[in-house]
1. Over the range 461-535, calculate the relative contact order: mean separation of alpha carbon pairs under 8 Å at least 6 apart, over the residue count, as a percent.
2. Mind checking the angle between helix 62-77 and the chain's longest principal axis? C-alpha axes, 0 to 90 degrees, to the nearest 10.
3. In whole Hz and in residue order, list the ³J(HN,Hα) couplings for the range 369-380 that follow from phi through the Karplus curve 6.51 cos²θ - 1.76 cosθ + 1.60, θ = phi - 60°; x for Gly and Pro.
4. Once fully extended, how much extra length lies between Arg403 and Thr268, figured as 0.36 nm per residue of separation less the alpha-carbon to alpha-carbon distance?
5. Find how many whole Å separate the alpha carbon centroid of the range 454-530 from the alpha carbon centroid of the range 318-381.
6. Run the numbers on the range 213-457 and let me know its relative contact order in percent, using alpha-carbon pairs under 8 Å that are six or more apart.
7. Ranked by accessible surface with a 1.4 Å probe, highest first, in what order do His385, His301 come?
8. Could you provide, to the nearest whole Å², the per residue accessible area of the chain with probe 1.4 Å?
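The values are calculated or read from the model by the stated rules, or taken from the named source; none is laboratory data. Just so it is clear, the structure is predicted and the values come from calculations on it, not from any experiment. When we count neighbours, we look across all protein chains shown, and the Cβ atoms used for this are built from the backbone with ideal geometry, even at glycine. Each accessible area value is taken on the protein alone, full model and side chains, heavy atoms only, with ligands, DNA and RNA left out. Shrake-Rupley method; radii C 1.70, N 1.55, O 1.52, S 1.80 Å.
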Amino acid sequence: MLVVPAFRAPHRCSRDRPRRWSAVLATLTSAALCGLDSVPVTIEVSITNGLPAFHVVGLPDAAVRESRERVVSALRESGFTVPLRRITANLAPAGLRKEGSAFDLPLALAVLAASGQVPAERARGWLVVGELALDGALRRVRGALAYAECAAAFGAVAMVAPAACAGEAALADAVPVWPARTLREVCGWLTGCEAPVPTCTGTWDASTPAATPDAGGITFDDVAGQERAKRALLAAAAGGHNVVLVGPPGAGKTLLARAVPSLLPPLTRGEALEITRIRSVAGLLPEGAGLASARPFRAPHSSASPTALLGGGAAARPGEVTLAHRGVLFLDELPEFRRDALEALRQPLEEGTIAIGRASGTVRFPAAFTLVAAMNGCACGRRGHPRRACRCSPEELRRYRARLSGPLLDRMDVQLEVAPVRGRELASLRLVAPQHEAARARIARARAAMAARGPIENARLAPAELPRVAPLTGTCSARLRDAVDALGLSARGYHRVWRLARTLSDLDGVEAIDEQRLMEAMSFRALEREGRTGA
Ligand SMILES: [Zn+2]
């Protein structure tokens, strides 16, 4: 809006000066999302003489600037007067970029307070967020849980939130949350005509379901045969190793991958809060949902853009790698993913977080997931099939494999070939006893052994730590060095075999790594082995 500065007569004496309608000033506390965190924002509104105008300053984005229109309409529709003066709203700290629509409600309240329509004293110590509809009704905002944690850290006496997301904010169990349906209702609390009724805080249920609903509730009991693959996935789940399954379509790769979340340990309350906060900031939490009770399983399509996969965009939303935090990221048809997106996966795989560069600074999201990838053995997909012959030329095979960079493959501890189970075998396997509970028990034992040595899971052990945590005998050391030449392992691959041998020993309850486990760990390097022999 173009605003012409108000004409002021030259100052002569105090009687000539135009009367200030309101020198200031109403202040209110709200909060801004910054990655997964939220920081307090002070909203100051001053109303002065001048041509009617409404300015929002303090690095607002388009949605915040648009909130002027919603605020003006909501004030009118709720029966209040919009001051026909110059309204200036400042969002402090001014250096922080403000995004989204959560400032609508605090802006409206500050305008009402500055124009003397409601008293502001009671709002001291409140943290207020909410999007306004044009008629004054309140709409949910994303990140309510993050705002509640910010309110607690800031020492707020209460958080005022739209009723549709108040339950989500109450999950933090950190600060009283007052749900509001309309702007008028909050004004009633300010004048003291009505009293807010706090939302009940969510209760935390520690009993995790055996299988993750995200993954379709699949467990090992749903997968017939595939004993070698199951062994590899047990190790992956126990030690936090990344897996790539290689085999023809129909070999059961997807089913195996979907069973992995059911093997991971139950969530702690801290992890559940973290997962719920990520979904809340991503705007994916359904209304009325409680704390996450199961680990995530994310399976983005191979056409996903790097932004969808890694996060970012105009509002810095978390991507699939962050939505899979503390769970499983499943990438089916791995070579079909965009090369730049796969390359960018290296950072979260190494560090467990992802940094997203933005004009206003870097935002860091957590991204500690177990990567389970699946791919065909070759371009025609028949490689590794027991009855169908592959028709790819060596050149086609080389080109197909070359879509995955060496550094990415290097980060996959388990590279496993999976073949379809034969029909006759399948019929007999239906009679096999359930494996799921036994598998979980073994993983729990391995995790206990790991925890006794330190807080870091095997897959993330630093190379300098390995000789202490996973000492090798002279023979084993020599074996591993030979493998470096035979398989053409990089230094990173060398350490990965070592870590996997540690996990396999933990699974079997073996204290020292022996030759058998070391050889087994080396046998899970299918792609490098093939690449070396050119087979
Ligand atoms: Zn082929």
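1. On the way: 52 pairs, mean separation 28.2, N = 75.
For the range 461-535, the relative contact order is 38 percent.
2. 50 degrees
3. 10, 8, 8, 10, 10, 9, 8, 6, x, 7, 5, 7
4. Details: separation 135, 0.36 × 135 = 48.60 nm, distance 3.82 nm.
Extra length from Arg403 to Thr268 when fully extended: 44.8 nm.
5. 24 Å
6. Values: 409 pairs, mean separation 70.6, N = 245.
Dividing the mean separation by the residue count of the range 213-457 yields 29 percent.
7. Numbers: His385 35, His301 125 Å².
The ranking, largest first, comes out as His301, His385.
8. Details: 23450 Å² over 535 residues.
Per-residue value: 44 Å².
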